[in-house]
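Down below is the structure, laid out as structure tokens.
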Amino acid sequence: MPQSTRFNKVQEALTEQLLGWISSSWYKKSLGLLSLLAGYYLAANLTSIYLNFTKLQSLGALGLLLLVELQVRLRTRFNTTKNSIFWLISDNLRVGAVYAVILEAFKLGS
């Protein structure tokens, strides 16, 4: 029996998380990946369309920031189950959208 040190506790927690990820169902993983890619695709297309119609990049970034903050606030308020599929999809859409906007900013050089 190993000693109960902080390092051993962290190591056991990481092992449980890794094994939990490996043993989780395939549809949660596929929905998570699809929603991440969909968030990226939608945000990349919406930002390019928005930038073509208007020249106000600041308002587009502010709008996305407000939507992301609203989603985070709603999650903290209404999250009843820890591993809900809805929140998994919602979080991955959000992460994909933020990644697309950051990548678009690097492409534009701003």
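Values quoted throughout were computed directly from the atomic coordinates according to the rules given, and no laboratory measurement underlies them. Note that the structure is a prediction, hence the values are computed from the model and not measured. Ideal geometry is used to build each Cβ from the backbone, glycine not excepted, and the neighbour counts take in all protein chains shown.
In degrees, nearest 10, range 0 to 90: what is the angle between the Cα axis of helix 85-108 and the longest Cα principal axis of the chain?
Once rounded, one gets 50 degrees.
Arranged by the count of other C-beta atoms within 10 angstrom, fewest first, what order do Leu88, Leu66 take?
Ranking Leu88, Leu66 by Cβ neighbours within 10 Å, fewest first, gives Leu66, Leu88.
Between Leu37 and Asn79, what is the label-point separation in nm under the 7 Å Cα-to-beta-carbon projection?
Here the modelled spin labels are 2.6 nm apart.
Within segment 34-54, whose backbone N sits under 18 Å from a point 7 Å along Cα→Cβ of Val95?
Taking a point 7 Å out along Cα→Cβ of Val95, the residues of segment 34-54 whose backbone N falls under 18 Å are 34-44.
Please report the relative contact order for the chain, taking Cα pairs under 8 Å with a sequence separation of at least 6, and give it as a percent rounded to a whole number.
46
When all C-alpha to C-alpha distances in the chain are sorted into bins of 5 Å, what percent of pairs does each bin hold, rounded to whole numbers?
2, 10, 15, 17, 15, 12, 11, 8, 5, 3, 1, 1, 0, 0
Within 10 Å of each residue's Cβ, count the other Cβ atoms and sort Ser90, Ser4, Ser48 from fewest upward.
Exposure proxy ranking, most exposed first: Ser4, Ser48, Ser90.
Based on Cβ point charges of +1 for Lys and Arg and -1 for Asp and Glu, what charge dipole magnitude is obtained for segment 23-108 about its Cα centre, in debye rounded to the nearest 20?
Result for segment 23-108 is approximately 220 debye, rounded to the nearest 20.
For Arg73, Arg94, what ranking results if the residue with the fewest other Cβ atoms within 10 Å of its Cβ goes first?
With the sparsest Cβ surroundings first, the list reads Arg73, Arg94.
Gaussian network model of the chain, Cα springs within a sub-10 Å range: biggest mean-square fluctuation belongs to which of Thr76, Thr15, Thr54?
Judging by the Gaussian network model, the answer is Thr15.
How large is the helix-only mean residue ellipticity at 222 nm for the chain, computed as the sum of -39500 (n - 2.57) over DSSP H runs with n ≥ 4, divided by its residue count, in deg cm²/dmol to the nearest 500?
When only DSSP H runs of four or more count, the value is -29500 deg cm²/dmol.
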